[in-house]
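Working notes, structure below.
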Amino acid sequence: MFLNLSSGVKLPDAERERLRSAAADAGVEVIDLTKGVNVAEMIRERLRADRRLFIAAGGDGTVNSVVQPLVHSEAALAVIPVGTYNHFARDLGIPLDWPSALDVALNGQLHQIDTARANDRFFVNNMSLGLYPELVARREERGREYPRWKARLYAVYMTMRKYPHVSFTVETEHHQEVIRTHVFMVSNNSYDLSRIGIEAPRSMMTEGRMTVYWLPHLPRVALMRFAAHYLAGRVTTTPGFRMFRTARMKVQTRHAYLQVGIDGELHRLAMPLTVTSVPTSLLVKVPRST
């Protein structure tokens, strides 16, 4: 189990020790995720030793780190959601309290799901260009020890002040288009955009395709109206909103690299950016069917 001590929702010390003890009592090796830990190499070493269960105890960024060497392997990923939003765990139906989530990790059933890949980086939720990577970068400027709500407010203020956009060419199996946008997202499977509020769950994780969502270049006021539509579950009626599904796409820009948000974390990826769906490529532990 890889335990991220700096995830968005920090467990109290006593609760963290209870989790650590419960996992150890079940025969699970517990590794604290600290700066400098090479998660992928540690997992590969244990795969060679025939370990077949790896638990990510943290948020979506922690999950993404653990996923990388597990795609197309015989090992299973389990999640204990102690991050800020825990989108991936919610979409899998994982309980949000750690004792129940640990029980699913140990005793749940195996389920095969899709991943997607941006160049050599796999993702389970989404990949974003434009405002979102800037938000993440500004949030991380405040450091992990800074109160998360203050870091988010600072990030929103600085991002909207700068209001960055990206321009690039998108090529899919169906069409080619030049896009100038503040908001561009590629999801692994489709979100239910009719839901009211910040949550937009995925009802299926095995569609074998990605969904692309984007807006044309907008003034700040128009983007605020889009955000209001999103929170009200009416995003698809927003003027200019575009979406399409694809199994493969290429993003090309005049820059050599782009800042990309992947599963809530910031990455710098080389251009051209090739994004593909990777169907039924990851084994996960989910609650047993009743």
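Quick notes
- Linear extension gain, Ser21 paired with Arg148, 0.36 nm per residue minus alpha-carbon span: 43.0 nm
- The long axis of helix 13-25 is offset from the longest Cα principal axis of the chain by roughly 60 degrees.
- Cross-link pairs beyond the 32 Å C-alpha cut-off, checked among Lys150/Lys250; Lys35/Lys150; Lys150/Lys285: Lys150/Lys250; Lys150/Lys285
- All alpha carbon pair distances within region 56-124 were sorted into 5 Å bins beginning at 0; the resulting P(r) in whole percents reads 3, 17, 29, 27, 17, 5, 1, 0.
- Volume of the Cα convex hull of region 193-290, divided per residue and given in Å³: 154
- 0 to 90° range, to nearest 10: angle between helix 131-141 axis and the chain longest Cα axis: 50
- Principal-axis tilt of helix 39-48 within the chain, Cα atoms, nearest 10 degrees: 50
- Counted without the sites themselves, the longest stretch of the chain free of GluC sites (Glu not before Pro) in a DSSP loop having at most 15 other beta carbon atoms within 10 Å is 200-290.
- Hydrodynamic radius (Kirkwood) for region 2-107, which is based on Cα pairs only, to one decimal in Å: 13.8
- Where labels lie 7 Å past Cα in the beta-carbon direction, separation of Glu29 and Ser203 in nm: 4.2
- Over the chain, dividing the summed -39,500 (n - 2.57) contributions of all DSSP H runs of at least 4 residues by the number of residues returns a 222 nm mean residue ellipticity of -9000 deg cm²/dmol.
- Summing charges over all other residues whose Cβ lies under 15 Å from the Cβ of Arg180, with Lys and Arg as +1 and Asp and Glu as -1, gives +1.
- Shape call, region 124-237: gyration tensor on alpha carbons, a/c limit 1.5: prolate
- For the chain: relative contact order, % (alpha-carbon pairs under 8 angstrom, 6 or more apart): 22
- When the alpha-carbon atoms of the chain are used, the pair Rg, Dmax equals 19.1, 56 angstrom.
- Longest exposed-site-free window of the chain, the sites being trypsin sites (Lys or Arg not before Pro) in a DSSP loop that have at most 10 other C-beta atoms within 10 Å: 36-253
- Checking every one of the chymotrypsin sites (Phe, Trp or Tyr not before Pro) in region 15-106 against DSSP loop status and a limit of 16 other Cβ atoms within 10 Å picks out Tyr85.
None of the figures in this text is laboratory data; all of them are computed from the coordinates on show. Every value quoted in this text rests on a predicted model; they were computed, and no experiment measured them. For neighbour counting, all protein chains shown are included, and Cβ atoms are generated from backbone atoms with ideal geometry for every residue, glycine included.
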